[in-house]
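The values are calculated or read from the model by the stated rules, or taken from the named source; none is laboratory data. Keep in mind the model is a prediction, meaning the values are calculated, not measured. Methodologically, a virtual Cβ is constructed for each residue, glycine included, from the backbone with ideal geometry; neighbour enumeration extends over all protein chains shown.
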Amino acid sequence: MKSTVVKFILLWGYLAASTSVLALTSDREQPIQVNADSMITEEPKGFSHYKGNVIIVQGSLKVIADEVFIYFTDGTLDKLIIKGNPAHLQQLPDDSEDPVFSQANKMEYFVSSDRLFLLEDAQVKQGNNHFSGARIEYDTRNSTVSATSLGEDKGRVRAIITPKQANEPTSSENP
């Protein structure tokens with residue numbers, strides 16, 4: 001059980017470090033709080049499963065899901081799968097007062113490629129800006145986001161981008 005806690009802490013360290021472009025830098029220094037109805041871990045298989053009203057909080061990072069699956073390969077975090085109807089992830093970026101809210105029925109995070117996939121009715125909102133599609137991909141290493149639909153029958157990618165008002169300071173200006 002103790003090594004499972006250590007692995008979980010390593011998991012969130014990886015996650016917070018890889019999403020540092022989107023996240024408060026201080027989040028990585030905060031304690032991790034996990035609540036779920038049940039947890040199963042199979043250390044020889046490198047697998048942990050949190051189930052039932054899963055809530056994970058670390059600083060401004062908050063995950064709300066029905067299930068969270070954590071996979072390790074040779075003791076190293078490999079991937080994280082978050083499921084819900086929908087699952088929610090929110091975090092406050094360093095350079096903004098507006099938190100980023102993400103939701104999808106399934107989220108997959110791959111450590112080796114620093115990619116987070118929001119799948120099935122994916123949405124990302126920050127302030128008045130909103131992106132949605134069947135699939136949204138964050139490449140946290142290169143700070144890129146892409147969204148796709150699943151063809152005409154499954155909807156389209158949608159974006160609402162609100163321009164900064166003339167009286168709003170930019171991130172390089174002091175208010």
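With touching a strand residue (DSSP E or B) at 6+ places or on another chain (Cβ under 8 Å) and in contact (Cβ under 8 Å) with a residue 60 or more places away in the chain as the only criterion, which of Asp121, Asp114, Asp139 stands out?
Asp114
Results for (1) among the polar types (S, T, N, Q); (2) farther than 15 Å from Arg156 by Cα, shown as yes or no for each residue.
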| residue | (1), (2) |
| --- | --- |
| Val100 | no, yes |
| Met107 | no, yes |
| Ser112 | yes, yes |
| Ala122 | no, no |
| Arg135 | no, no |
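Please go through the stretch 65-80 and give me each residue that is part of a strand (DSSP E or B) and either hydroxyl-bearing (Ser, Thr, Tyr) or farther than 25 Å from Glu120 by Cα (or both), ordered by number.
Those that are part of a strand (DSSP E or B) and either hydroxyl-bearing (Ser, Thr, Tyr) or farther than 25 Å from Glu120 by Cα (or both): Tyr71, Thr73, Thr76.
May I ask you to list the residues in the stretch 37-68 that are in contact (Cβ under 8 Å) with a residue 40 or more places away in the chain and surrounded by fewer than 16 Cβ atoms within 10 Å (Cβ to Cβ)?
Glu43
Please find, within the stretch 131-173, the residue that is modelled with the lowest pLDDT out of those that are over 18 Å from Pro86 (Cβ atoms) and among the charged types (D, E, K, R).
Ranking the candidates gives Glu173 first.
Could we say that Val124 is within 23 Å of Val57 (Cβ to Cβ) and over 11 Å from the mean Cα position of the chain (by Cα) here?
Answer is no for this residue.
Any idea which of (1) free of Cβ contacts under 8 Å to residues at least 60 places away in the same chain; (2) touching a Leu at 6+ places or on another chain (Cβ under 6 Å); (3) surrounded by fewer than 20 Cβ atoms within 10 Å (Cβ to Cβ) is the one Thr76 doesn't satisfy?
Unmet for Thr76, out of (1) free of Cβ contacts under 8 Å to residues at least 60 places away in the same chain; (2) touching a Leu at 6+ places or on another chain (Cβ under 6 Å); (3) surrounded by fewer than 20 Cβ atoms within 10 Å (Cβ to Cβ): (2).
Only one residue in Lys62, Lys83, Lys51 is within 16 Å of the chain's Cα centre (by Cα), among the charged types (D, E, K, R), assigned to a strand (DSSP E or B) and modelled with pLDDT of 95 or more. Which one?
Step by step, each of Lys62, Lys83, Lys51 is checked, and only Lys83 is within 16 Å of the chain's Cα centre (by Cα), among the charged types (D, E, K, R), assigned to a strand (DSSP E or B) and modelled with pLDDT of 95 or more.
Do the conditions hold for Val21, that is, is it of a type in the set (A, V, I, L, M), at negative phi and modelled with pLDDT of 85 or more?
So Val21 fails the test.
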